[in-house]
Amino acid sequence: MHKLAQLDHAYVWHPFTQMRDWLKREPIVIVAGEGAVVRDARGREYLDANSSIWTNLHGHNHPRINSAIARQLKKIAHSSAMGLANEPASLLAAKLVQAANEICESKARAARKSQIANRKLEKVFFSDDGSTAIEVALKLAYEFTRRSRRADSLSAKRRLPQPRFLSLRGGYHGDTVGAVSLGHIDLFHKTYAGLLFKTDTVMAPYCYRCPFNRAKPERADARECRKCHWECVDAVEKKFAAQKRKENPYAAFVFEPLIQGAAGMIPQPAGWLRQVAEIALRHSALLIADEVMTGFGRTGIPQSPIANRQSPILFACHHEGVQPDFLCLAKGLTGGYLPMGATLTTQRIFDAFLGEYDKFKTFFHGHSYTANQLGAAAALASLELLQGPASVRARAKLEQVLREELRILWTLPNVGDVRQVGLIVGVELVRDWHTREPFDLREQAGIRVCEAMAKSGVLTRPVGNVIVLMPPYCTTAAQMRRTVFALRQSITETFV
């Protein structure tokens, strides 16, 4: 066993990993990377097919991001955001606000009738990762709602109810206590039930396994051949109405736009997000968009009808003309280089925390590395790359290549559904596609397929029985073909 692997076994505890299994074999120890390729301590090379757990946008060792960090290192690496400002964080906040308000014009115009695109995001609160970005939004929404309702409560002389939150079944929003409270995956969250506060859940639009979808299994994305009456939207409407009757309307609706990640790469059919956002708006609920995974171009390049040009939409919400009250970002924010999170919100939310010092209306929340200069410098370089025409063209081409290559998977009897949203793919493994019967998680079907892929030189990680492909944007057409071929061969070998 390599000496680095020995040190890992001796001292490192890995996340979401059964360490008894981990200690039975020599781990792959990554020591270097270039573009979409990483190299281990024994000199073997692998394609990084999940962007290093969904974070790396432009590839490893990107010269422009490297240069941006090196330039910043010659100035200062970090100074506190409590009582001090800094150059790159100030520039980054301005750039994020600008990008977050650039909703595709035609979509926004169509949505304005329902007001779901009219919010303007003007303030940025920096944190450390996706969980903390959600935690910030949760605390701000909670306290904003309490303060907004306080006057009504006093005039009515009744006790102020605690604000409640609604999120989707199978939702995953991070691992801090507040974020876990919003999550509804028992395997991850049930253990900590005694630590959590109560939140409500509503069905997600999981077309492949929806009880209301009357379509028979076909060799196509279940969203494309579904037969239903939008019962999933009706369920959201009923949930909001029921909570309103309790005289405690939901403070906020929390969702991952277009596709849920840890739930199993569950994509939403076109139109679902717009409809449920309108419902939330009618019930005066705040919208909290968890774009930790979906942000920064990951959900694709839509074709804009304006001048027949491609529109570089960076955030998933904007594909359906939805602008949230809170936009939570992390993962790809720095291009996958450094831990950093950001929560964008409106002037209205910000103003609720203004007051004289002795009123103690301050937002009492913070992190030691908030707005750190190195992370901000990397993020600025990443944003510049993302918004350049070369990156837009490359992402559009890669998305199309991926879509074409995935067709070969439909011939496999153990592939139940192939779901693609932009450069996010989930391939659901089943015993037989005719019946959609799932594998028991104890059989480790997804893990076994990914282990076979690693032997072929392609790295990714499953979500249960769903194999995830999420390539860096620099991935070439040849590398993408190799990735999908390795997946096909690994599925065939695993279930022979």
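No lab work stands behind these numbers, since they all come straight from the coordinates. Keep in mind the model is a prediction, meaning the values are calculated, not measured. Positions of Cβ are generated from backbone atoms using ideal geometry, with glycine treated the same way; all protein chains shown enter the neighbour counts.
Please compute the contact order of the range 212-307 in relative form: average sequence separation of alpha-carbon pairs under 8 Å and at least six residues apart, divided by the residue count, as a percent. Please report the intermediate quantities before stating the final value.
Values: 84 pairs, mean separation 25.8, N = 96.
It comes to 27 percent, rounded to a whole number.
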Treating the beta-carbon of each Lys and Arg as +1 and of each Asp and Glu as -1, no other charges, what is the dipole magnitude of the range 197-247 about its Cα centre, to the nearest 20 debye?
-> 140
Rounded, prolate or oblate: which fits the range 208-353 when a ≥ b ≥ c are the square roots of the eigenvalues of the alpha-carbon gyration tensor, with rounded for a/c under 1.5 and prolate only if a/b beats b/c?
-> oblate
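Loop only by DSSP, 15 or fewer other Cβ within 10 Å of the Cβ. Give me the GluC sites (Glu not before Pro) in the range 304-385 that pass, ordered by residue number.
Sites meeting the loop and neighbour criteria: 356.
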Set the Förster distance to 51 Å, then compute FRET efficiency between residue 347 and residue 492 from the Cβ-Cβ distance, nearest 0.05.
-> 0.40
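So, by mean Cβ neighbours within 10 angstrom, what's the order for 247-254, 66-73, 78-85 with the highest one leading?
On the way: 247-254: 21.5, 66-73: 15.8, 78-85: 11.9.
Sorting 247-254, 66-73, 78-85 by mean packing, highest first, produces 247-254, 66-73, 78-85.
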Cα Rg, Dmax (largest Cα-Cα span) when computed across the chain, Å = 22.7, 71
Normalised by the residues of the range 87-387, what does the relative contact order come to in percent, with Cα pairs under 8 Å and at least six apart?
-> 28
Considering only DSSP states other than H, G, I, E and B, which chymotrypsin sites (Phe, Trp or Tyr not before Pro) in the range 1-79 qualify as loop sites with at most 11 other Cβ atoms within 10 Å?
-> 13, 16
Would you please give the residues with an amide H less than 5 Å from that of residue 59, counting only those at least 5 places away or on a separate chain, with H modeled from the backbone geometry?
-> 473, 474
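In terms of the Cα gyration tensor, with a ≥ b ≥ c the square roots of its eigenvalues, is the range 272-383 rounded because a/c is under 1.5, prolate because a/b exceeds b/c, or oblate?
Values: a/c = 2.52, a/b = 1.22, b/c = 2.07.
The shape class here is oblate.
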Long pairs among 120/246; 139/244; 123/198; 139/190; 198/246; 24/455, criterion Cα-Cα beyond 19 Å | 120/246; 139/244; 123/198; 139/190
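Order these peptides, 444-450, 345-351, by their mean beta-carbon neighbour count within 10 angstrom, highest first.
Peptide ranking by packing, descending: 444-450, 345-351.
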Mind checking the dipole of the chain: about its Cα centre, +1 per Lys or Arg Cβ, -1 per Asp or Glu Cβ, Debye to the nearest 20?
-> 920
Figure the gain on full extension for residue 400 and residue 284 (residue separation times 0.36 nm, minus the Cα-Cα span) and round it to one decimal in nm.
-> 37.9 nm
Using Cα positions and a limit of under 30 Å, work out the lysines in reach of residue 216, with same-chain residues fewer than 8 apart set aside.
-> 227, 238, 239
